[in-house]
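S.K.: Have a look at this one.
The values are calculated or read from the model by the stated rules, or taken from the named source; none is laboratory data. None of these values were measured; they are calculated from a predicted model. Methodologically, a virtual Cβ is constructed for each residue, glycine included, from the backbone with ideal geometry; neighbour enumeration extends over all protein chains shown.
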């Protein structure tokens, strides 16, 4: 018998979707097309949570700008104070998931750091000094290879 343990670098919500916390500013447009600055707290393939002083009642159709993944249409499912839960009309494909909020350069570095922390103690990476866990400059070819492997692993996980 094979026993495995899977750790996810995001929160799994009650619907089984992996939510990534981004706390990123974005532009939302309602039916009137007027741009409104909002703060996207988290997102998944199926939806996102945003904070706005302007109220959008449940059922409102909106479009949200996802840096790196373009504009996506969604519907407000619930609203509680300034918090709004939305569902994408069409779930984000894996290729768009990898690019959504790509403007946040820290996301991949943070994911890599979390993966390094979770390596078993017997692994060489766990024995390195804490400085080795800090993100290296983007110019390092080895860094690029590690980032690409991490992105590929996340994409494969999202496809499964």
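S.K.: Provide a single number: the residues in region 44-71 that are touching a helix residue (DSSP H, G or I) at 6+ places or on another chain (Cβ under 9 Å) and under 13 Å from residue 88 (Cβ atoms).
M.R.: Kept after step one, since they are touching a helix residue (DSSP H, G or I) at 6+ places or on another chain (Cβ under 9 Å), are these residues of region 44-71: 44-45, 66-70.
Keeping just the survivors that are under 13 Å from residue 88 (Cβ atoms) gives 44-45, 66, 69-70.
Summing the residues that are touching a helix residue (DSSP H, G or I) at 6+ places or on another chain (Cβ under 9 Å) and under 13 Å from residue 88 (Cβ atoms) in region 44-71 gives 5.
S.K.: When you look at residue 74, is it part of a loop (DSSP other than H, G, I, E, B), out of contact with any helix residue (DSSP H, G or I) (no Cβ under 9 Å at 6 or more places or on another chain) and on the phi < 0 side of the Ramachandran plot, yes or no?
M.R.: On the way: part of a loop (DSSP other than H, G, I, E, B): no; out of contact with any helix residue (DSSP H, G or I) (no Cβ under 9 Å at 6 or more places or on another chain): yes; on the phi < 0 side of the Ramachandran plot: yes.
So residue 74 fails the test.
S.K.: Can you find a residue that is at pLDDT 85 or above and either closer than 25 Å to residue 146 by Cα or surrounded by fewer than 17 Cβ atoms within 10 Å (Cβ to Cβ) (or both) anywhere in region 9-21?
M.R.: Scanning region 9-21, I find no residue that is at pLDDT 85 or above and either closer than 25 Å to residue 146 by Cα or surrounded by fewer than 17 Cβ atoms within 10 Å (Cβ to Cβ) (or both), so the answer is no.
S.K.: Could I ask something else about it? Only one residue in 63, 31, 55 is modelled with pLDDT of 75 or more and part of a strand (DSSP E or B), so which one is that?
M.R.: Numbers: 31 fails: part of a strand (DSSP E or B); 55 fails: part of a strand (DSSP E or B).
From the options 63, 31, 55, the qualifying one is 63.
S.K.: Looking at region 38-45, can you tell me whether even one residue there is more than 26 Å from residue 154 (Cβ to Cβ), assigned to a strand (DSSP E or B) and free of Cβ contacts under 8 Å to residues at least 40 places away in the same chain? Talk me through it step by step, then tell me what you get.
M.R.: Narrowing region 38-45 to residues more than 26 Å from residue 154 (Cβ to Cβ): none.
Checked region 38-45: no residue is more than 26 Å from residue 154 (Cβ to Cβ), assigned to a strand (DSSP E or B) and free of Cβ contacts under 8 Å to residues at least 40 places away in the same chain.
S.K.: Still on this structure, I have one more. Mind telling me which of the residues 57, 93 ends up being within 16 Å of residue 18 (Cα to Cα) and surrounded by fewer than 17 Cβ atoms within 10 Å (Cβ to Cβ)?
M.R.: Details: 57 fails: within 16 Å of residue 18 (Cα to Cα).
Answer to the selection: 93.
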